[in-house]
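Structure first, commentary second.
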Amino acid sequence: MNQKSPAILTIDDESLIRESFRLYLEDCGYQVQEAENGRVGLDMIHKSLPDLVLLDLRMPEIDGLDVLQEVRENYPDLPIIVISGTGFIGDAVEAMKRGAWSYLLKPIADFNTLRHAVEQSLEKARLIVENRNCREKLEEKLRLRAQALERSNQLLRDTRMQVILRLGKAAEFRDKGTGRHVIRVSCYTKILANCMGFSEEDADVMALGSALHDVGKIGISDSILLKPGKLSPEEWEEMKKHCLYGRDLLTPLSVEDEEGFTSEVGGTLGGIISDSDLLQMSRVVAYSHHEHWDGSGYPQGLKGDEIPVVARIVTAVDIYDAIGSKRPYKAPYCEEKCLQIMREASGTILDPEVVKIFFDSLDLLQQIKAKWAD
Ligand SMILES: [Fe+2]
Ligand SMILES: [Fe+2]
């Protein structure tokens, strides 16, 4: 509605009626325009949209009901009050059906009725506009909030990924790795998980979790971890404990730890200490990536399907990557030898199904191997 006084268009073929409406409504403070038939009325509406229309039904050129129809199609919220002298109930019903907001009978005995109908319709139109503006503002606010939330979620995902990868690399740096072993293992894990039919989301969690498979090596002393020669049986037992250290490191913090952190450092650990899917996945991988299909592995000596599937995948890709990489105690094997070892490990160290999928996806794996070579 305009700031200035509302504009009303009265469409009626009887000039006396138009004039009486105009004089009365102008006295009430409205601007009033007149149209002598439906055609002129429609032209005026299209040219300068009024705030309200008073519409006769029986008119030459274009009948009031047709005017109603056309206005409704083009200006669904324009208030129209039908004022007709026909007195047929059918006309009133049809006018309301076609979108009239109100229906008055001619002659109008008390002009207060007209004034009341006009005021009511203008108020309703104002509320419709106000409502729509509020809704649009609200929708815009919600849209911006959703965008901000998505941005912070993305930031959180990125940060989580960075922290996990860096922690995995930190562990690898200790035994003079380049950090690329964890990247390759993660990529290989994702490829195999995808080929095994895991959802994209699960494959991502498995891939990221696999980056921490050897994080427990942080707890192994340099004299053992970096020893160039063969480990003694005692040293080997200690080395095997990296699976337990990894599991413990990735176990959710205790309430005591959390209280200590929040009281000394401030803030809250919130989601960080919660046992997220990623933390669980990493823990499973760290604990079980040296289990063997035939039960000859460690630390639990699990067998076959007892070994979590993600650990079976990581065991395979970890071995493939380790035998193809340079280590303090050995030169890298050529690809042919690596594949031969993988084939031979099927059903003993490795899950035959995982090995089958490994060979099915070999092209993709080798692309990663070349791209992320040390
Ligand atoms: Fe390991
Ligand atoms: Fe490894």
(request) Net charge near Leu350: determine it from the other residues with C-beta under 14 Å of the C-beta of Leu350, scoring Lys and Arg +1 and Asp and Glu -1. (result) -4
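So what is the accessible area of the chain per residue, in Å², with the probe set to 1.4 Å? Each step should come with its number before you reach the end.
Values: 20340 Å² over 374 residues.
Ligands and nucleic acids excluded, the figure is 54 Å² per residue.
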(message) I want the antiparallel fraction of DSSP beta bridges within the range 7-134, as a percent rounded to 5.
(response) 0
(message) With both bridge residues required to lie in the chain, what share of the DSSP beta bridges run antiparallel, to the nearest 5%?
(response) 5
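Specify whether the C-alpha gyration tensor of the range 98-210 places it in the rounded, prolate or oblate class, a ≥ b ≥ c being the square roots of the eigenvalues: rounded for a/c under 1.5, otherwise prolate if a/b is larger than b/c and oblate if not.
Note, shape of the range 98-210 comes out prolate.
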(message) On a straight-distance basis, which aspartates and glutamates could pair with Lys4 in a cross-link, Cα separation under 20 angstrom, same-chain partners fewer than 8 positions away excluded?
(response) Glu26, Asp27, Glu34, Asp51, Asp77, Glu119, Glu123, Glu130
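Computing the accessible area with a 1.4 Å probe over protein heavy atoms, can you report the carbon and sulfur percentage for the range 7-134? Write down the numbers at each step before the final one.
Working: 3300 of 6410 Å².
Carbon and sulfur: 51 percent of the exposed surface of the range 7-134.
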(message) Counting just the Cα atoms, what span does the chain cover along each of its three principal axes? Round to the nearest Å and put the largest first.
(response) 116, 52, 34
(message) So the label point goes 7 Å from the Cα of Arg72 along Cα→C-beta, right? Which residues of the range 124-150 then have their backbone N under 12 Å from it?
(response) none
(message) Under the rule of at least 5 residues apart or a separate chain, name every residue whose amide H is placed under 5 Å from the amide H of Leu104.
(response) Val82, Ile83, Ser84
(request) For n ≥ 4 DSSP H runs only, could you compute -39500 (n - 2.57) per run for the chain, divide by its residues and tell me the 222 nm figure to the nearest 500? (result) -19000 deg cm²/dmol
(message) Can you compute the charge dipole magnitude of the chain about its Cα centre, using +1 on each Lys and Arg Cβ and -1 on each Asp and Glu Cβ, nothing else charged? Give it in debye, rounded to the nearest 20.
(response) 1680
(message) If I stretch the segment between Glu353 and His46 completely, what's the gain in nm (0.36 nm per residue apart, minus their alpha carbon distance), one decimal?
(response) 103.2 nm
(request) Multiply the residue separation of Asn131 and Asp360 by 0.36 nm, subtract the distance between their alpha-carbon atoms, and state the gained length in nm to one decimal. (result) 76.4 nm
(request) Show me 357-368, 104-115 ranked by packing, highest mean number of other Cβ atoms within 10 Å first. (result) 357-368, 104-115
(request) Calculate, for Glu140 and Leu23, the FRET efficiency according to 1/(1 + (r/R0)^6) with r their C-beta to C-beta distance and R0 41 Å; round to the nearest 0.05. (result) 0.40
(message) Please compute the modelled spin-label separation between Glu237 and Leu16, points set 7 Å along Cα→Cβ, answer in nm with one decimal.
(response) 12.0
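Kindly give Rg over Rh for the range 7-134, based on alpha-carbon atoms, with the Kirkwood expression for the hydrodynamic radius. Intermediate values should be presented prior to the final figure.
Working: Rg = 13.5 Å, Rh = 14.5 Å.
Across the range 7-134, the Cα-based Rg/Rh ratio is 0.93.
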(request) May I ask you to list the aspartates and glutamates whose Cα is less than 12 Å away from that of Lys190, ignoring any residue fewer than eight positions away on the same chain? (result) Glu200, Glu201, Asp202, Asp204
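The values are calculated or read from the model by the stated rules, or taken from the named source; none is laboratory data. Keep in mind that what you see is a predicted model, and the values were worked out from it rather than measured. Reconstructed Cβ throughout: ideal geometry from the backbone, glycine too, with neighbour counts over all protein chains shown. Note: areas computed on protein heavy atoms with side chains; ligands, DNA, RNA excluded. Shrake-Rupley method; radii C 1.70, N 1.55, O 1.52, S 1.80 Å.
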